[in-house]
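We did not get these values from a lab; they are worked out from the coordinates using the rules stated. Note that this is a predicted model, so its numbers are computed, not measured. We place every Cβ from the backbone using ideal geometry, glycine too, and count neighbours over all the protein chains shown.
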Amino acid sequence: MKTAPPITDREQFMSVCYLTPKQLAEKLQVSTVTLWEWRKEGCPYLSLGARSLRYSLPDVVRWLHDRKTASRAV
């Protein structure tokens, strides 16, 4: 049985689905204004230029989970 070659950084990058603010807001059922507030609080995003942002859904979900966990510890 052959093993698959290791995944390159580029392949890993391309396999992640990056969402626009509108797409993420729809998935999480929040407003794009809420996303803007979350960015100011440290929510991870990718800036593709002055007016173009993308989000990785797994990264945002992890960030939300970490915030929830941290607020319970206080």
- line: Note, CYS17: beta-carbon cut-off 13 Å, +1 each Lys/Arg, -1 each Asp/Glu, net +1
- line: Counting Lys and Arg as +1 and Asp and Glu as -1 over every other residue whose Cβ sits under 15 Å from the Cβ of ASP66, the net charge comes to +2
